[in-house]
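First up is the structure itself, then whatever we jot down about it.
The values are calculated or read from the model by the stated rules, or taken from the named source; none is laboratory data. None of these values were measured; they are calculated from a predicted model. In this analysis, Cβ positions are derived from the backbone assuming ideal geometry, glycine residues included, and neighbour counts consider all displayed protein chains.
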Amino acid sequence: MKIAFKMQLRPGCKEEYRKRHDAIWPELKALLKDSGVSDYSIFLDEETNTLFGVQQQSGERSSQELGTLSIVQRWWDYMADIMDTNEDNSPVTKPLVPVFHMD
């Protein structure tokens, strides 16, 4: 199953966001893959600073459901200064509804 969601990047943080994701922690990447998340991309709408995440899921949980794990909580804390977050520092995410797909 493929899911998509959006998040909000703070103005002026594009390069820092890219830098942090270019150096994503290997153990976080492994956790995502082990949880069945693959083909994961994040796109930025530079006019609105809206981030769009798209990921393929083959496991029972999406990356959005791994928040009880300490490594995920540490990543949220690490990213909280450049994104809109909830009280627990998880990114504010809004699911996107699929309306078209072409293979």
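Would you pick out the residues in the stretch 1-40 that are within 21 Å of I71 (Cα to Cα) and of a type in the set (S, T, N, Q)?
Residues satisfying the conditions are S35, S38.
Name the residue, out of S90, S35, S70, that is surrounded by fewer than 13 Cβ atoms within 10 Å (Cβ to Cβ) and either of a type in the set (G, A, S) or in contact with a Gly (Cβ under 9 Å, 6 or more places away or on another chain) (or both).
After applying the criteria, what remains is S70.
Which of the following residues is under 18 Å from M7 (Cα atoms) and either among the small types (G, A, S) or touching a helix residue (DSSP H, G or I) at 6+ places or on another chain (Cβ under 8 Å) (or both): V72, V92, V54? Can you show your working first?
Values: V92 fails: either among the small types (G, A, S) or touching a helix residue (DSSP H, G or I) at 6+ places or on another chain (Cβ under 8 Å) (or both); V54 fails: either among the small types (G, A, S) or touching a helix residue (DSSP H, G or I) at 6+ places or on another chain (Cβ under 8 Å) (or both).
Only one candidate passes the filter, namely V72.
Counting only residues that are farther than 19 Å from D84 by Cα and either part of a strand (DSSP E or B) or at pLDDT 95 or above (or both), how many does the stretch 1-23 have? Give the steps one after another, and end with the answer.
Residues of the stretch 1-23 farther than 19 Å from D84 by Cα: 1-3, 22-23.
Filter again for either part of a strand (DSSP E or B) or at pLDDT 95 or above (or both), leaving 2-3, 22-23.
Qualifying residue count for the region: 4.
Residue by residue through the stretch 36-48, note down the ones that are within 14 Å of the chain's Cα centre (by Cα) and either among the aliphatic types (A, V, I, L, M) or assigned to a loop (DSSP other than H, G, I, E, B) (or both).
V37, I42, L44
Can you tell me which of (1) part of a loop (DSSP other than H, G, I, E, B); (2) at pLDDT 95 or above; (3) not charged (D, E, K, R) is the one W76 doesn't meet?
Only one criterion in (1) part of a loop (DSSP other than H, G, I, E, B); (2) at pLDDT 95 or above; (3) not charged (D, E, K, R) is unmet by W76, namely (1).
Restricting attention to the stretch 1-49, which residues are without any contact (Cβ under 8 Å) to a residue 40 or more places away in the chain, closer than 19 Å to R74 by Cβ and not hydrophobic (A, V, I, L, M, F, W, C)?
Once the filter is applied, which keeps residues that are without any contact (Cβ under 8 Å) to a residue 40 or more places away in the chain, closer than 19 Å to R74 by Cβ and not hydrophobic (A, V, I, L, M, F, W, C), the stretch 1-49 yields K19, H21, D22, P26, K29, K33, D34, S35, Y40.
Can you name the condition, by its number, that L51 falls short on among (1) in contact with a Lys or Arg (Cβ under 9 Å, 6 or more places away or on another chain); (2) in a loop (DSSP other than H, G, I, E, B)?
Single failed check for L51: (2).
Among the residues of the stretch 11-32, write down those that are within 21 Å of V92 (Cβ to Cβ) and surrounded by 15 or more Cβ atoms within 10 Å (Cβ to Cβ).
Across the stretch 11-32, the qualifying residues are C13, K14, Y17, R20, L28, L32.
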